[in-house]
Amino acid sequence: MAHVISVQNVKGGCGKTTTAIHLAAALTDMGYAVALADGDPQKSALSWIERRPAKCATIEGLDFTDLNLDELRALKKRKTLDYVIVDGRAAVRGAPLTDFIKISDVILVPIVGLPLDIEASIDFLEKLWEYRKVEKGDAQVAVVLNKTRNSGKIAERIEVLSETLDVEIAAYVPERSGMQNPIEYGMTVFDQQRVTNYAVREPFIELAEYVVAITE
Ligand SMILES: Nc1ncnc2c1ncn2[C@@H]1O[C@H](COP(=O)(O)OP(=O)(O)OP(=O)(O)O)[C@@H](O)[C@H]1O
Ligand SMILES: [Mg+2]
């Protein structure tokens, strides 16, 4: 039985696909069997998998754009799979959001650590708490602070906010141009053995370890 980790925020461009791909890569690197379900009509996660060279560790892809819950449930039941990462679509609300929550064990909300982005995401976090499954703790919600370092005034403000909203911060991902290149070739920094890649991997290892710890 696989755990379903959904990466979701109503806000566009906050790093959902970046988080989903790197989390899938980090978990794969740790030896877990991982599938990536693309819930975004832009299908950027699926096209990344299609570009993936055969020599790289396998990450299975599922087109989840029409929210085919039965297919996803079948994937979840597969004994040989450990994690299904769902890359969510922006502007999700109503029935599609309910479906995402229904299938998720963990909901990761990437937020860029800038005042306007934070404000736009607070409403979404509050909305998640209106769902009984989240309120009861049957689906865990955590924030991934993207393009943000774990220091300085903004980080301090966000920590206060996370306490107020009672939501954990799973990882701080700094802004890094080095992440882009391998993506173009269906890879991530986990597929390339370069010393400069180790620091880029770190926040995603932290995120993967967080996910493993709360799903054990
Ligand atoms: N930590 C980061 N460092 C550098 N660039 C980043 C980082 N996170 C995201 N980006 C870049 O920002 C852009 C938006 O990221 P991404 O596509 O992951 O967001 P998204 O939430 O999936 O967007 P959409 O709502 O369109 O699906 C991309 O060009 C991505 O490469
Ligand atoms: Mg995306």
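The values are calculated or read from the model by the stated rules, or taken from the named source; none is laboratory data. Note that the structure is predicted; figures quoted are calculated from it, not measured. Note that we place each Cβ from the backbone using ideal geometry, even for glycine, and neighbour counts take in every protein chain shown. SASA here: full protein model, heavy atoms, side chains in, ligands and nucleic acids out. Shrake-Rupley method; radii C 1.70, N 1.55, O 1.52, S 1.80 Å.
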Quiz item: Near the amide H of A139, under 5 Å away, which other amide H atoms are found, from residues 5 or more places off or on another chain, if H is placed in the peptide plane?
Solution: V134
Self-check item: Nearby lysines by direct alpha-carbon distance to K43 (threshold 23 angstrom, same-chain neighbours under 8 apart not counted)
Solution: K11, K16, K55, K76, K102, K147
Self-check item: Cα gyration tensor of the stretch 3-215 - equivalent ellipsoid semi-axes, whole Å, descending
Solution: 24, 22, 15
Quiz item: Using θ = phi - 60° and the Karplus curve 6.51 cos²θ - 1.76 cosθ + 1.60, what whole-Hz ³J(HN,Hα) does each residue of the stretch 19-35 get, with Gly and Pro shown as x?
Solution: 5, 4, 5, 6, 5, 4, 5, 5, 5, 4, 4, 7, x, 7, 8, 10, 10
Self-check item: Ellipticity estimate at 222 nm from DSSP helix runs (n ≥ 4, -39,500 (n - 2.57)) divided over the chain, nearest 500
Solution: -13500 deg cm²/dmol
Self-check item: Residue-span extension gain [E159 to R73] - 0.36 nm each, minus C-alpha spacing
Solution: 27.5 nm
Exercise. Kindly report, to the nearest 10 Å², the accessible surface of D166 as traced by a 1.4 Å probe over protein heavy atoms only.
Key: 120 Å²
Quiz item: Using the Cβ atoms and a cut-off under 11 Å, what net charge is assigned to the surroundings of H3, where Lys and Arg are +1 and Asp and Glu are -1?
Solution: -2
Self-check item: Whole-Hz couplings from phi, Karplus 6.51/-1.76/1.60, listed for the stretch 3-14; x for Gly and Pro
Solution: 8, 9, 10, 9, 9, 9, 7, 5, 6, x, x, 8
Quiz item: How large is the accessible surface per residue of the chain, computed with a 1.4 Å probe and reported in Å² as a whole number?
Solution: 48 Å²
Quiz item: For the stretch 37-137, which whole percent of the accessible surface, found with a 1.4 angstrom probe, sits on carbon and sulfur atoms?
Solution: 51 percent
Quiz prompt | List E50, E60, ordered by accessible area with a 1.4 Å probe, largest first | solution = E50, E60
Quiz item: How about the stretch 131-216: which chymotrypsin sites (Phe, Trp or Tyr not before Pro) there are in a DSSP loop, with at most 16 other Cβ atoms within 10 Å of their Cβ?
Solution: Y185
Quiz item: Which sequence of L36, L67 reflects their accessible areas, 1.4 Å probe, from the largest down?
Solution: L67, L36
Practice problem: Compute the relative contact order of the chain as a whole-number percentage, counting only Cα pairs closer than 8 Å that sit 6 or more residues apart in sequence. | Solution: 27 percent
Practice problem: Starting from the stretch 69-143, pick out the GluC sites (Glu not before Pro) whose DSSP state is loop and whose Cβ has at most 12 other Cβ atoms within 10 Å. | Solution: E130
Quiz item: So how exposed is E168, as accessible area in Å² (1.4 Å probe, rounded to 10)?
Solution: 100 Å²
Quiz prompt | Per DSSP, loop trypsin sites (Lys or Arg not before Pro) in the stretch 90-136 with at most 11 further Cβ within 10 Å | solution = R93, K136
Quiz item: For D138 and R93 in the same chain, what is the full-extension length gain: residue separation times 0.36 nm, less their Cα-Cα distance, in nm?
Solution: 14.2 nm
Quiz item: Tell me, what is the 1.4 Å probe accessible area of S44, in Å² to the nearest 10?
Solution: 40 Å²
